[in-house]
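Just dropping this structure here.
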Amino acid sequence: LRMDMMKMKKTDPERSKVLQSVLNIALSIAKEDGNREASEKDIMIAAKKEIKMTTQSKESGAPYNPLTFEVCESFLPKTMNEEETIKVVKEIVDSLPEKSMKMMGKVMGTLKAKYADALDGGITSKIVKQLLC
């Protein structure tokens, strides 16, 4: 990340600024968690935080850099669309001994363990409820 940022400093300064921001957040996360080196997970968390802050700026009418979304999303795993989510949830629900809302926690826990960053929680929850009823 640091090398990419340095390369882009002259060719794409706006992208370099976004990378610097993500790197600073990731380093801060790692420092607060035992003063260790930043990991890929820290960079993913930092990218999510940067997206959240930029979204808040956009929604409040404050100035923001639209490039932030593109750069930060490149550090995140691809999120499954609704059709892919239905398929994954259906496989887990079909393997259950009973299909009732009591099993929602078990299904959500299994999904989180297997596909943590690839699922949209709101969509997934809606699909699980539909399939368990």
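The values are calculated or read from the model by the stated rules, or taken from the named source; none is laboratory data. These numbers were taken from a predicted model, which means no experiment stands behind them. FYI the Cβ positions are ideal-geometry reconstructions off the backbone, even for glycines, and counts take in every protein chain you see. Protein only, heavy atoms only, side chains kept; ligands, DNA and RNA dropped before computing areas. Shrake-Rupley method; radii C 1.70, N 1.55, O 1.52, S 1.80 Å.
Just subtract the alpha-carbon distance of Met101 and Asn81 from 0.36 nm times their residue separation and send over the number in nm, one decimal. Mind dumping the intermediate values first?
Details: separation 20, 0.36 × 20 = 7.20 nm, distance 2.34 nm.
Answer, rounded to one decimal: 4.9 nm.
How compact is segment 12-90 by the rule of thumb for globular proteins, expressed as Cα Rg over 2.2 N^0.38 Å?
Details: Rg = 14.9 Å, N = 79, 2.2 N^0.38 = 11.6 Å.
Segment 12-90 yields a ratio of 1.28.
While we're here: At most 14 other Cβ atoms within 10 Å plus a DSSP loop assignment makes a site exposed; report the longest stretch of the chain without any exposed trypsin sites (Lys or Arg not before Pro). Don't skip to the end; give the middle numbers.
On the way: sites that count: Arg36, Lys78, Lys99.
The answer is 37-77.
Just the number: Rg to Rh for segment 84-133, Cα atoms, Kirkwood Rh, two decimals. Working shown, then result.
On the way: Rg = 9.6 Å, Rh = 10.6 Å.
Here the Rg-to-Rh quotient is 0.91.
Give me the accessible area per residue for the chain, probe 1.4 Å, as a whole number in Å².
On the way: 8830 Å² over 133 residues.
Normalised by residue count, the accessible surface of the chain is 66 Å².
Quick one: what do you get for the chain if you divide its Cα Rg by 2.2 N^0.38 Å?
On the way: Rg = 18.7 Å, N = 133, 2.2 N^0.38 = 14.1 Å.
Here the answer is 1.33, to two decimals.
Summarise the accessible area of the chain (1.4 Å probe, protein heavy atoms) by the percent that is carbon and sulfur.
Numbers: 4780 of 8830 Å².
Its accessible area is 54 percent carbon and sulfur atoms.
Figure the gain on full extension for Asp4 and Ser39 (residue separation times 0.36 nm, minus the Cα-Cα span) and round it to one decimal in nm. Kindly include the intermediate steps, with their values, before the conclusion.
On the way: separation 35, 0.36 × 35 = 12.60 nm, distance 1.59 nm.
The span from Asp4 to Ser39 would gain 11.0 nm if fully extended.
Continuing with the same structure: Counting only other residues whose beta carbon sits under 14 Å from that of Val89, what net charge do I get with K and R as +1, D and E as -1? Intermediate values should be presented prior to the final figure.
Values: positive: Lys87, Lys90, Lys99, Lys106, Lys112, Lys114, Lys126, Lys129; negative: Glu82, Glu83, Glu84, Glu91, Asp94, Asp120.
Spelling it out: positives minus negatives among the neighbours equals +2.
Does anything in segment 108-133 have its amide N under 20 Å from the 7 Å Cα→Cβ label point of Glu91, and if so which residues?
So the set is 108-132.
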